[in-house]
Amino acid sequence: QVVGGKVKKPGKRGRKPAKIDLKAKLERSRQSARECRARKKLRYQYLEELVSSRERAICALREELEMYKQWCMAMDQGKIPSEIKALLTGEEQGKAQQNSSKLAKAGKTDANSSNP
């Protein structure tokens, strides 16, 4: 076929395959493989760190659970663990301090309002 002064061959559509330098192609492939291995290594390091941090958290929670179990067993026997006593007295002291500070503030506002 002749179209516009050019001879076209039937069945040859699209681009002609460009001559790709085989050495350059191999080097790109090697570089891509190196980058893939590096990404994989980083991903595994991240996952290992994540697993170890979760394992540490699990151990801490198990210890805390065991402590609570011991406290409950002691209370079932009629004993109040010293830690719970400290928590209770600390809360009572905190409430007393809050009440005294509220009273002090109320006293200051009363004193300010009586002295205009």
Fill in: Any pair with Cβ under 9 angstrom, 6 or more apart, that starts in the range 51-71 at a residue that is closer than 16 Å to Ile84 by Cβ and ends at one that is in a helix (DSSP H, G or I) and aliphatic (A, V, I, L, M)
Trp71/Ile84
Worksheet item: Among the residues of the range 14-67, which ones are open to solvent by 100 Å² or more (accessible area, probe 1.4 Å) and at pLDDT below 95?
Response: Arg15, Lys16, Pro17, Lys19, Ile20, Leu22, Lys23, Lys25, Arg28
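The values are calculated or read from the model by the stated rules, or taken from the named source; none is laboratory data. These numbers come from a predicted model, not from an experiment. Please note: Cβ atoms are built from the backbone with ideal geometry, for glycine as well, and neighbour counts cover all protein chains shown. When the accessible area is computed, the model is the full protein with side chains, heavy atoms only, and any ligands, DNA or RNA have been set aside. Shrake-Rupley method; radii C 1.70, N 1.55, O 1.52, S 1.80 Å.
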